[in-house]
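The values are calculated or read from the model by the stated rules, or taken from the named source; none is laboratory data. For clarity, every value in this text was computed on a predicted model and none was experimentally measured. A quick note on method: Cβ atoms are made from the backbone with ideal geometry, for glycine too, and the neighbour counts reach across all protein chains shown.
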Amino acid sequence: MAEPSKPDLKIVLAAPRGFCAGVVRAIEIVERALELYGKPVYVRHEIVHNRYVVEDLKAKGAIFVEELDEIPDGDHPVIFSAHGVPKSVPETARHRNLFYLDATCPLVSKVHREAARHHTDGYEIVLIGHEGHPEVVGTMGQLPAGAITLVETEEDAETFTPRDPERLAYITQTTLSVDDTADIIEALKRRFPQINGPHKEDICYATTNRQEVVKTIAASCDMLIVVGAPNSSNSQRLVEVAKKCGCSESMLVQRAAEIDWDSLGTPETIGITAGASAPEVLVSEVVEAFRQRFNITVETVKTRDEHVSFKLPRQLRKEGQESVSAAL
């Protein structure tokens, strides 16, 4: 009996997608630490927001903990996640004589330096971000309590009352919606024309680039799939951007197994992208799952090339190796 023919489906792959340079660097820090110092290597919080990546590093000998008090005394390395940590964390590590490596993304560290500079200059600081996100916790933890006020929405920006409107500055989480953040900044600037902002915007290049290509393809897709973790801010923002740009059937999945095939129907065009902490192997898994069910053609839409690289911590650099880079 002949196998029934599969329906045709066009898959549009967004580029750039997936790993950014900060994620590549963070994973490389854990892998190099294991190579140089042996098992175990302790990691405070998920090194990046992706279960597949975390499980892979666990298999290689990394032990993930929530707080430093879960780590026994000794000389095994402790690594801080790419999202950054409050100042109290390295202080505690130093007090316990723990050997620590900081995998904070350099673009997050840039925001930390901005906050410190504004505080030193006597400014009250507004942080645009999402409450409870590790990056926000880490950024607010750079300064004394009360030095930074969190603003999450345009409504928050409209109701915020500073101590002195003439001495006000803002910074942002690096993984926000570009458009939503612009609206919040506009509201703050309208209300407080003297507000001081960053010399270069805080939203990272990878967040901006991945949202840009989603805006390009969303309206032509019946559905858009973002491969990423539920606790990944930049992945969640990609779903929101796709919906705002004309693809109401947009969803976040961690793996192909999470796709609801029964309710999928017979779409003609599906877009696929991945958050900045999602490895390409998971994108390939999703594409292959569609290949098993559809007669697919694949088109890649690229809106920008990425050639960003970040140095590893000095202790981990191989001879002649200064940095690691992310490339699609």
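Kindly establish whether Arg96 is surrounded by fewer than 17 Cβ atoms within 10 Å (Cβ to Cβ), touching an Asp or Glu at 6+ places or on another chain (Cβ under 6 Å) and over 23 Å from Lys200 (Cα atoms).
For Arg96, the condition - surrounded by fewer than 17 Cβ atoms within 10 Å (Cβ to Cβ), touching an Asp or Glu at 6+ places or on another chain (Cβ under 6 Å) and over 23 Å from Lys200 (Cα atoms) - is not met.
Restricting attention to the stretch 273-289, which residues are under 11 Å from the mean Cα position of the chain (by Cα) and among the polar types (S, T, N, Q)?
Once the filter is applied, which keeps residues that are under 11 Å from the mean Cα position of the chain (by Cα) and among the polar types (S, T, N, Q), the stretch 273-289 yields only Ser277.
When the stretch 250-263 is examined, which residues are found to be in contact with a strand residue (DSSP E or B) (Cβ under 8 Å, 6 or more places away or on another chain) and crowded, with 16+ Cβ neighbours inside 10 Å?
Scanning the stretch 250-263 gives Ser250, Leu252, Val253, Gln254, Ile259.
Please specify each residue of the stretch 118-174 satisfying the condition of being surrounded by 20 or more Cβ atoms within 10 Å (Cβ to Cβ), out of contact with any Gly (no Cβ under 9 Å at 6 or more places or on another chain) and among the hydroxyl-bearing types (Ser, Thr, Tyr).
Once the filter is applied, which keeps residues that are surrounded by 20 or more Cβ atoms within 10 Å (Cβ to Cβ), out of contact with any Gly (no Cβ under 9 Å at 6 or more places or on another chain) and among the hydroxyl-bearing types (Ser, Thr, Tyr), the stretch 118-174 yields only Tyr123.
For the stretch 193-205, which positions are over 11 Å from the mean Cα position of the chain (by Cα), part of a loop (DSSP other than H, G, I, E, B) and not aliphatic (A, V, I, L, M)?
Pro193, Gln194, Gly197, Pro198, His199, Lys200, Glu201, Asp202
Filtering the stretch 77-92 down to residues that are out of contact with any Lys or Arg (no Cβ under 8 Å at 6 or more places or on another chain) and under 19 Å from Leu312 (Cβ atoms), which residue is surrounded by the most Cβ atoms within 10 Å (Cβ to Cβ)?
Pass one, the stretch 77-92, residues out of contact with any Lys or Arg (no Cβ under 8 Å at 6 or more places or on another chain): 77, 83-84, 86-88, 90-92.
Applying the additional criterion that residues be under 19 Å from Leu312 (Cβ atoms) yields 77, 83-84, 90.
Details: Pro77: 24, His83: 27, Gly84: 25, Pro90: 16.
Filtering first and then ranking leaves His83.
Considering only the stretch 1-29, how many residues are part of a loop (DSSP other than H, G, I, E, B) and in contact (Cβ under 8 Å) with a residue 12 or more places away in the chain?
Residues meeting the conditions: 8.
Determine which single condition Ile79 fails, assuming it passes every other condition in (1) touching a Leu at 6+ places or on another chain (Cβ under 8 Å); (2) over 23 Å from Ala276 (Cβ atoms).
Only one criterion is unmet by Ile79, namely (2).
Given Thr120, Thr174, Thr181, Thr139, which one is over 19 Å from the mean Cα position of the chain (by Cα) and not hydrophobic (A, V, I, L, M, F, W, C)? Lay out the reasoning, then the answer.
Numbers: Thr174 fails: over 19 Å from the mean Cα position of the chain (by Cα); Thr181 fails: over 19 Å from the mean Cα position of the chain (by Cα); Thr139 fails: over 19 Å from the mean Cα position of the chain (by Cα).
That would be Thr120, the only listed residue that is over 19 Å from the mean Cα position of the chain (by Cα) and not hydrophobic (A, V, I, L, M, F, W, C).
Look through Ile171, Ile259, Ile225, Ile184 and report the one residue that is without any contact (Cβ under 8 Å) to a residue 60 or more places away in the chain, touching a Ser or Thr at 6+ places or on another chain (Cβ under 9 Å) and either among the hydrophobic types (A, V, I, L, M, F, W, C) or in the same structural domain as Val48 (by TED's automatic domain parsing) (or both).
Answer to the selection: Ile184.
Does the stretch 208-217 contain any residue that is crowded, with 16+ Cβ neighbours inside 10 Å, within 23 Å of Val136 (Cα to Cα) and either of a type in the set (A, V, I, L, M) or outside the structural domain of Ala15 (by TED's automatic domain parsing) (or both)?
No, that holds for no residue.
What pairs can you find where one residue is in the stretch 298-325 and loosely packed, with under 11 Cβ neighbours inside 10 Å, the other is modelled with pLDDT under 95 and not hydrophobic (A, V, I, L, M, F, W, C), and their Cβ atoms are less than 8 Å apart, with a gap of 6+ or different chains?
Qualifying pairs under 8 Å: His307/Ser325.
Given Ile296, Ile259, Ile270, which one is touching an Asp or Glu at 6+ places or on another chain (Cβ under 7 Å) and among the aliphatic types (A, V, I, L, M)?
After applying the criteria, what remains is Ile270.
Filter the stretch 30-50 down to residues that are among the aliphatic types (A, V, I, L, M) and not in a loop (DSSP other than H, G, I, E, B) and give me whichever is farthest from Asn234 (Cα to Cα).
Leu36
Does Gly129 satisfy the condition of being outside the structural domain of Leu282 (by TED's automatic domain parsing) and under 30 Å from Glu166 (Cα atoms)?
Against the criterion (outside the structural domain of Leu282 (by TED's automatic domain parsing) and under 30 Å from Glu166 (Cα atoms)), Gly129 qualifies.
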